[in-house]
1. Which whole-number percent gives the relative contact order of the chain, counting Cα pairs below 8 Å spaced six or more residues apart?
2. Taking only Cα atoms, what is the 0 to 90° angle, nearest 10, from helix 223-235's long axis to the longest principal axis of the chain?
3. With Cβ to Cβ distances under 13 Å as the rule, what net charge do the other residues near HIS383 carry (K, R +1; D, E -1)?
4. If I take all pairs of Cα atoms in the range 290-331, what percentage of them are more than 13 Å from each other?
5. Relative to the longest principal axis of the C-alpha atoms of the chain, give the angle of the C-alpha long axis of helix 149-165, reported between 0 and 90° and rounded to the nearest 10°.
6. Return the Rg/Rh value of the range 264-410, two decimal places, where both radii are evaluated on C-alpha atoms and Rh is the Kirkwood radius.
7. State the percentage of accessible surface on the chain attributable to carbon and sulfur atoms; use a 1.4 Å probe and exclude ligands, DNA and RNA.
8. Taking just the alpha-carbon atoms of the chain, what radius of gyration and Dmax come out, in angstrom?
Amino acid sequence: MRADLLIRRAQLATFDPNVNNDGYGTIAHAAIALHDGRIVWRGADRDLPADLDAKQELDAGGRWLTPGLIDCHTHLVYAGHRADEFEMRLNGVGYEEIARAGLGIRSTVRATRSASEEELLQQSLPRLRNLMNEGVATVEIKSGYGLNMTTERAQLRTARKFHATQPIHVSTTFLGAHALPEEFVGRADDYIDHLIAEILPVLAHEGLIDAVDAFCETIGFTPAQVTRLFDAARALNLPVKLHAEQLSDRSGGELVARYRGLSADHLEWLSDTSIAAMAQAGTVAVLLPVAFYCLHETRLPPIAALRAAGVPMAVATDCNPGTAPCPSILLALNMACTLFRLTPAEALAGVTREAARALGLQHDRGRIAIGQRGDLALWSINHPAELCYHLGYNPLALRIFNGAVPAGAC
Ligand code: NIG
Ligand code: FE
């Protein structure tokens, strides 16, 4: 058997449900072989095939390997910041009140529209780098701070440029229905028509869109409007996902499940009916504890009910300038455990196996298994729960991307 890279003396947290039943899919004293950017062998070191011929060998020194992490919900391409609104909230003004005053998402829209594409890239790159430094190998990036053709396109093109030029895979999501732009005030239905007729088909045709998302909320769009958008996405063969039940119950979980959507995200106000519909459709519950924390929410997503219904749960940063100015997947992991009471095994499955599912990529990545992509993270830890336990501490030792180790690591 030929391999480009063999890693020995590792502990594997495979997140393969067929391995072990400790929640991590642990293989102790393990080895793993990568070839042509894919995993070709993994198992106990002592079972390594005798004929394995590897070009490069890496001694993991007993450290832990996980799949490359996946941040399946971010808005990280934007310009400016909203520290002023952070201050307003601390002076007693609410998030929805700020939005209704034409600030909130709209102030980031103004900043993003006035940035050049190069400025947008330069301002967003440090956030992307921060995620990569924490072992993230795949990131989803949404538009939604343009709300017109030019700037929605600029955001999605920036995301595609990151995919092409940085050692990270990027999935793009069209979130034109994030907020009502100033020029459409009082005409939300017309705006949805405009998205459906003008913007979505063009950007889809340009190959810029992997999935379609919307903000279904009193300060966002109604279920009827989202339904029209989802019908248009379906006609273009694009999968859907939804910002649902963040601030109120609008049956968004049920709505997105009706389209066999990839995920419903946030979910603090999720109902039992929506949970049952999501379980039936295989729609992933994406939990965003950083937004919960920053908005000082008190109502928890119904974790126990999701668990009992067997709805897959993912965890993401939601990195955005309003409710989660946080390009840190490790902090999101900690908060998923401390605030939402996920077990560390659940939280980590939520940034690997289940996050891949939330992007429709479960056959390609998210587990350490034969045939999966050779994206791995090597951690200087003694137990995988440490990845959730530390706060403000990054134990990443090495990031292997597409089967390649950084120069000088072997
Ligand atoms: O996921 N909920 C809507 N969208 C973002 C917030 C965007 C913003 O405030 O800029 C979220 O929390
Ligand atoms: Fe979001």
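1. Relative contact order of the chain: 20 percent.
2. 50 degrees
3. -1
4. 60 percent
5. 10 degrees
6. Taking Rg over the Kirkwood Rh, I get 0.99.
7. 50 percent
8. Rg, Dmax (Cα atoms, Å): 21.0, 70.
The values are calculated or read from the model by the stated rules, or taken from the named source; none is laboratory data. Note that this is a predicted model, so its numbers are computed, not measured. Methodologically, a virtual Cβ is constructed for each residue, glycine included, from the backbone with ideal geometry; neighbour enumeration extends over all protein chains shown. For accessibility, only protein heavy atoms count, side chains too; no ligands or nucleic acids. Shrake-Rupley method; radii C 1.70, N 1.55, O 1.52, S 1.80 Å.
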